[in-house]
There are 2 protein chains.
Amino acid sequence: MERKEISQAVIGRLPRYYRYLGELMEGGVERISSNDLSKRMRVTASQIRQDLNNFGGFGQQGYGYNVKYLYTEIGKILGLDKNHNIIIIGVGNLGQALANYAAFESRGFILKGLFDVNPRLEGVAVRGVPIRMMDELKDFVINNDIEIAALTIPKSKAIEVAAMLVENGVKAIWNFAHTDLSLPEDVIVENVHLSESLMKLSYNVTRYREEHEEE
Amino acid sequence: MERKEISQAVIGRLPRYYRYLGELMEGGVERISSNDLSKRMRVTASQIRQDLNNFGGFGQQGYGYNVKYLYTEIGKILGLDKNHNIIIIGVGNLGQALANYAAFESRGFILKGLFDVNPRLEGVAVRGVPIRMMDELKDFVINNDIEIAALTIPKSKAIEVAAMLVENGVKAIWNFAHTDLSLPEDVIVENVHLSESLMKLSYNVTRYREEHEEE
DNA sequence: TAGATTGTTAATCGATTAACAATC
DNA sequence: TAGATTGTTAATCGATTAACAATC
């Protein structure tokens, strides 16, 4: 069923549409035109219409878009109407932050397991999920239909752990380790490199400082 | 001094170059050609040369690039040779994760302060920095030459806190709150929206699942 | 029906890749 | 010098914006 490839640029914007539509919905707004939405979001109306039309015609001429409907549809596109079993490897502050992230469950991400190397954490529960030791990881993945693994461990361990997870059926890695993972191309890797984000910020603030230094 | 604007696409790639060059340096590699680097990083050699030449000619024909030199130069471009005073607002798990991020100091980011609303955290120290209450924030920012503020607080508070920080001299916001901040355009905002990152992952894994469902 | 606004095609803009002369 | 590889210009590709006919 020939589906044209959708660029990651478009996909990267969908969650932001979803967020704005959610807020509009909360605010009781029933319909919105691409033009009104473009003003709120500070993007062009053209881009909104182009982006949405990659997935189908969700609007109606002369009316605009029904907020609730569009919100639901984008949710479906993002796969938020389905459940996704997720585990977190590495229960440091960052791993715990993710585990405590409340919106998880409401969006269909089911926290199935937490893993760490620190024996003092064994059995400690976060959000009702007990922390397990790494030697249980492989069997757990095999037996619990785990789709997504968040990796919040040092880069020295990340590569081998990721390989093992994928070998045992994990389909996607949410990678917080400061390294690239080279995995089979059917595995989804979503990187969150905080240090790189901070360096980008550093570049921009430094550039700005230089350009405006005058005495 | 007419400086041509450099696209965020290029800037976004610099930290990755920096990381690879750092690893090469650790590995004792002295020089590298754009071609060799392109193979490791899985980008085109052309892109590497184009990207670098936005900032100057760092290589030498017939030789390639000196790893150590290029690493240092990219560090300078990213502003990592200068100190940046940073504070963290919101000392939950995520705020603590950032505070504990060791590489901070080595890259010139000086953690000056931690702030939270929770009175039970008052005075508790993370990495030697005591947690302060929010009512001290304004004066602290004014008196401590704070350049960057990391916001790891709920979105309901983020907008007003950001506005106050900027009013009192903060130049850049590292924004982890699930909201857009509209601030004067001379303020740098670097967003890290974890939920949006997870939704992107969700989209990709869902798409893949659908495309390969056959029985 | 008239007005509004989409869906979609065409035009523009920017980013990536290819090619090659310059040069170490 | 010959070989290697950059820096840079030109060609291509893709993404964004503009325009407008279709239609609610």
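The values are calculated or read from the model by the stated rules, or taken from the named source; none is laboratory data. These numbers come from a predicted model, not from an experiment. Here Cβ is always computed from backbone atoms with ideal geometry, including for glycine, and neighbour counts include all displayed protein chains. These accessible areas exclude ligands, DNA and RNA; they are computed on the full protein's heavy atoms, side chains included. Shrake-Rupley method; radii C 1.70, N 1.55, O 1.52, S 1.80 Å.
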Shielding by partners, peptide A:76-84 (average Cβ within 10 angstrom, other chains): 5
Antiparallel DSSP beta bridges within the protein assembly as shown, percent to nearest 5: 20 percent
Area of A:Lys155 that stays accessible when all protein chains are in place (1.4 Å probe, Å², to 10): 90 Å²
Full-extension gain in nm, A:His178 to A:Ser46, via 0.36 nm per residue minus C-alpha separation: 43.9 nm
Volume per residue that the Cα convex hull of chain A spans, once the total is divided by residue count, Å³: 193 Å³
Inter-copy label distances at A:Gly128 (7 Å, Cα→Cβ; nm, one decimal): 4.3
Identity and axial distance of the chain A residue whose Cβ lies nearest the axis relating A to B, Å: A:Asn93, 2
Rg over Rh [alpha-carbon atoms, Kirkwood Rh] for the stretch A:8-77: 0.91
Qualifying lysines (Cα of each under 20 Å from Cα of B:Lys68; at least 8 residues distant if same chain): B:Lys39, B:Lys76, B:Lys82
Apportionment of accessible area to carbon and sulfur, chain A, percent (1.4 Å): 46 percent
Per-copy distances of the B:Asn54 label point, shortest first, in nm (7 angstrom along Cα→Cβ): 2.2
Calculated diffusion of the stretch A:84-196, Stokes-Einstein form, Kirkwood radius summed over Cα pairs, 37 °C and 0.692 mPa s, µm²/s: 236 µm²/s
Inter-label distance for B:Val117 and B:Met25, nm, one decimal - labels placed 7 Å from Cα along Cα-to-Cβ: 4.2 nm
Highest-first arrangement of A:31-42, A:63-74, where packing means the average Cβ count within 10 Å: A:63-74, A:31-42
Packing-based order for B:144-150, A:86-92, using average beta carbon neighbours within 10 Å, highest first: A:86-92, B:144-150
Inter-copy label distances at B:Glu210 (7 Å, Cα→Cβ; nm, one decimal): 4.5
Computed [θ] at 222 nm, helices only, for chain B once each DSSP H run of length n ≥ 4 contributes -39500 (n - 2.57): -13500 deg cm²/dmol
